[in-house]
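What follows is a set of notes on a single structure, which appears directly below.
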């Protein structure tokens, strides 16, 4: 049996530890040996670390967990008194020390666990390591300390957008042989000949709407849902350009433009096709029946689009303008950028010309999610668009709109500034960098961000007592897609360093962001990396299954442990969902139901009535939040 500590293993009552098998080692897990006895040391699921590793100069802490409530109470654990950091190649000891009980031995309600911390921050030497319980003779997964430890992880996370591309064949050398597929939705009456769902027999309304990204686990494409992903990826490049090189092995690699920019351009090209001559923009494209095709090219059904709506029009205006600003760095894209500027202004003008926001454009005929936005959300997107339009034109009318409406954006109605609808908060902070902008307005926005930081709302800074797993988010945030706000808690802390006049040491905000990253990489109650199939990158236990049409159950892509291929590396699943039962998961499926919030997760991809989409479905916007966070630590 493989020692990946799957839910199946845990639920079968496996209480001890197990050794890494030769099969695991072929997936990139390095064996570690006890230098004294020369035997393979067993891995304890109760000793959790970042399975990829740590940056040399940053804090490094292993968490030793003792489950007290939830499905895994059979894994109760009493650690030894002495812990060590050992080299993975020869077992030599670099550090010996004791454990620090978390919060005086308290049980953390959101995880149902109590535990201890083992700090090995003083070790900065590059290499492969493991944490060792010298009394129990058990160890953590192996990991690296290296200044570039997260680069391969970032590449995998960005490459998921390549696998989400519609209308492009996934073929070698860019796609692994496991995940090749013909170009999807290129047949008769599909995306190259999409029909208006409200006027299906009118040939004059047939449009080429090919390209773009599949939104999530479904293969539909939504303009309004693209907003966070497009803006966050552009912001990630704008703030951390050194992280994104031209060698991520996508079809555009080697063209002299960073691959992240090429990837975003694939989506923006589709947005251009969605725009009509009058500046308005269609809302979404997809099937009128739930198809769940595996692989996507197997779906030969007709495809339809929902006509233009004010929500999609203003959403596209902002994306066109932001792309024009960032793409403007590349001379090879100068003509393309000129076209984006025209498109952005046309979309803005069309939105402003409507007497009222349209909030009921999506009748649900094109599946699956409802892409409509409220009038209030559309005003917020108009504020966002006005910022990027001002940045590329310096036209005062855009700044005037911003002045009149910026208090209507989401950061002024929530704590954390950018934990939800992150693109809105990020756009306001972007404006504060524009030297041509109104100085008082820029200062007011920075002051507002600082007030948010000073608010004492458990979002900013690292506070040891907040979370045994060192990556606190509020309990209500353990909902459908919780990994999205989790990553954005980290991004909001990094913004506090980049933009705000800080009330405390910036190091505490950086540490908070890094600890959230460590949580994604294994420092959590499951000892699991919340990324799919990352074994070749060094993970000991990844997310093995996700709800996705292509990678659904009973296919060769279903499970990274037991099926021929599993899903590709790097997808971020939705995350723990304490509302799983209300979201359709059967009450007798334990976990995720009936658990402390942090344990409301299950590694599975069951379709109806299993409703795994409420827990494990990925999305381009969960992905962008994680990519932006990770890019801050890749150079």
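Mind ranking 166-176, 190-200, 276-286 by how tightly packed they are, going by the mean number of other C-beta atoms within 10 angstrom, highest first? Provide the component values of the computation, followed by the final result.
Working: 166-176: 17.3, 190-200: 18.8, 276-286: 22.4.
Most protected by this proxy first, the peptides run 276-286, 190-200, 166-176.
What does the helix-only formula give at 222 nm for the chain: each DSSP H stretch with n ≥ 4 adding -39500 (n - 2.57), the total divided by the residues, and the result rounded to the nearest 500 deg cm²/dmol? Don't skip to the end; give the middle numbers.
Values: 15 runs with 191 residues, N = 635.
That comes out to -9500 deg cm²/dmol.
Tell me the relative contact order for the chain as a rounded percent, counting alpha carbon contacts under 8 Å between residues six or more apart.
Numbers: 1421 pairs, mean separation 96.8, N = 635.
Reported as a whole number, the value is 15 percent.
Once both axes come from the Cα atoms, what is the angle between helix 506-520 and the longest principal axis of the chain, in degrees from 0 to 90, rounded to 10?
The helix 506-520 is inclined about 80 degrees to the chain.
Express the C-alpha Rg of the chain as a ratio against the empirical globular expectation 2.2 N^0.38 Å, rounded to two decimals. Intermediate values should be presented prior to the final figure.
Values: Rg = 24.3 Å, N = 635, 2.2 N^0.38 = 25.6 Å.
With N residues counted in the chain, Rg over 2.2 N^0.38 Å equals 0.95.
How high is the relative contact order of the range 186-373, in percent, with contacts defined as C-alpha pairs under 8 Å that are six or more residues apart? Mind showing how you got there, number by number?
Values: 319 pairs, mean separation 48.5, N = 188.
Dividing the mean separation by the residue count of the range 186-373 yields 26 percent.
How much of the DSSP beta bridge set in the chain is antiparallel, as a percent to the nearest 5?
Details: 38 of 46 bridges.
Antiparallel bridges: around 85 percent, rounded to the nearest 5.
Quickly rank 486-494, 295-303, 615-623 as a protection proxy: mean count of other C-beta atoms within 10 Å, highest first.
Numbers: 486-494: 28.1, 295-303: 18.0, 615-623: 26.2.
Top of the packing list down: 486-494, 615-623, 295-303.
Please give the direction-averaged projected area of the C-alpha convex hull for the range 186-373, in square nanometres with one decimal. Before the final figure, lay out the partial values.
Values: hull surface 44.0 nm².
Quarter of the Cα hull surface area: 11.0 nm².
Please give the Cα centre distance for the range 503-556 versus the range 212-246, rounded to the nearest Å.
19
Antiparallel versus total DSSP beta bridges in the range 186-373: what percent is that, nearest 5? Could you put the intermediate results ahead of the total?
Working: 8 of 10 bridges.
Roughly 80 percent of the beta bridges in the range 186-373 run antiparallel, per DSSP.
I'd like the distance separating the alpha-carbon centroids of the range 106-153 and the range 35-104, in whole Å.
About 6 Å separates the Cα centre of the range 106-153 from the one of the range 35-104.
Taking the Cβ of each residue in 350, 125, 139 as the centre, tally the other Cβ atoms inside 10 Å and list the residues starting with the fewest. Walk me through the numbers before you get to the answer.
Numbers: 350 21, 125 10, 139 29.
Final ranking by Cβ density, sparse to dense: 125, 350, 139.
Can you give the percent of C-alpha pairs in the range 84-226 whose distance is more than 22 Å? List each step's numbers first, then the result.
Details: 6627 of 10153 pairs.
Of all Cα-Cα distances in the range 84-226, 65 percent exceed 22 Å.
How large is Rg/Rh for the range 504-635, to two decimals, with Cα atoms and a Kirkwood Rh? Intermediate values should be presented prior to the final figure.
Details: Rg = 15.3 Å, Rh = 15.4 Å.
With Rh from the inverse mean 1/r over Cα pairs, Rg/Rh is 1.00.
Please sort 261-274, 215-228, 553-566 by packing, taking for each peptide the average over its residues of neighbouring beta carbons within 10 angstrom, highest first. It would help to have the intermediate numbers written out before the result.
Details: 261-274: 21.3, 215-228: 25.6, 553-566: 18.1.
My ranking of the peptides, most packed first, is 215-228, 261-274, 553-566.
Enter the angle in degrees (range 0 to 90, nearest 10) between the Cα long axis of helix 483-498 and the first principal axis of the Cα atoms of the chain, meaning the one along which they spread out most.
80
Angle, helix 151-163 long axis vs. longest principal axis of the chain, Cα atoms, 0 to 90°, nearest 10?
Once rounded, one gets 40 degrees.
I'd like the per residue volume of the convex hull spanned by the Cα atoms of the range 204-298, given in cubic angstrom. If you can, show how the numbers build up before the last one.
Details: hull volume 13.4 nm³, N = 95.
Per-residue hull volume (Cα only) is 141 Å³.
Each reported figure results from applying straightforward, stated rules to the coordinates on display, with no laboratory input. In this text, all values refer to a predicted model and were calculated from it rather than measured experimentally. Please note: Cβ atoms are built from the backbone with ideal geometry, for glycine as well, and neighbour counts cover all protein chains shown.
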